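Asker: So that we are looking at the same thing, I have put the structure below in structure tokens.
The values are calculated or read from the model by the stated rules, or taken from the named source; none is laboratory data. All values reported here derive from a predicted model rather than from experimental measurement. Each accessible area value is taken on the protein alone, full model and side chains, heavy atoms only, with ligands, DNA and RNA left out. Shrake-Rupley method; radii C 1.70, N 1.55, O 1.52, S 1.80 Å.
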Amino acid sequence: MEVVAILEACHCLFRLNISQYMDNLLTFSITVFTGFFAITNPISNMTLFLSLTQGADERTKQDINKRANIIAFIIVTVFVLLGKFIFELFNISIPAFKITGGILIFYIGFDMLQSKQSSVKSIKHVHIDENIAVSPLAIPILAGPGTIVTSMNFVSNVQPIQIFLVIAIFGFMSILTYFTFRLSNLIVKLVGYNVISVIGKIMGLIIAIIGTGMIVEGIKISFNL
């Protein structure tokens, strides 16, 4: 009887640990999705896509759309997978990265709250050809410094399954962005630029909060708080 009771207790403890682990992964996934959605901001960025591809035929627009999202996904995936190697190569500490990255993210969010186009994503005169899929669409609009810093922050000091989740979630975001750009004309007609501007401000607030959280976390790690 004692052996049975011990086995039952172990089984219950195992189920509890699994449940807590799954809850942690779910919370982590929601946090990652929210961060990526705010920083990539497909709703606001589709207006940039429309302005950059204005005058192009529909096939060219969709080719640019597809290439930009694929390139952005590859760039972020490379930084996610090689993040720790980059830290070691340049002797970058986790606290320093979080604090510096947090300042950068906060700056981008603050610019969005002020209804400014962040200088990190500044766009000059661009000719309509498929090269705009690489720059400025993939870099720096979809996979700019803010996106890269955010992705590397999510995978600093985590388990392999969480790294996989970050890549998968950004892949989902790339697909979501692709369809948002694809339906951009229809969305703008239905929603209007004013609503899109409000969404941009909300995303800016979320980004600024994420940046502040990174700074606080970096300070905590630095001083073992």
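Asker: Would you mind checking 66/98; 61/84; 98/201; 61/98; 84/201 for any pair whose Cα atoms are more than 29 angstrom apart?
Answerer: 66/98; 61/84; 61/98; 84/201
Asker: Please work out the average accessible area per residue across segment 148-223, using the 1.4 Å probe convention, and give it in Å².
Answerer: Solvent-accessible surface per residue comes out at 53 Å².
Asker: Shifting gears a bit: Let me know the whole percent of all Cα-Cα pairs from the chain that are separated by more than 31 Å.
Answerer: 29
Asker: Would you mind telling me the share, in percent, of accessible area of segment 172-225 contributed by carbon and sulfur at probe 1.4 angstrom?
Answerer: Carbon and sulfur: 73 percent of the exposed surface of segment 172-225.
Asker: For the full complex of protein chains and a 1.4 angstrom probe, list 210, 141, 18 by accessible area with the highest value first.
Answerer: 18, 210, 141
Asker: Going through the DSSP H helices of the chain, which span 24 Å or more along their own axis at the Cα atoms while scoring at least -1.0 as a mean Kyte-Doolittle hydropathy?
Answerer: 2-40, 58-89, 94-113, 160-182, 193-222
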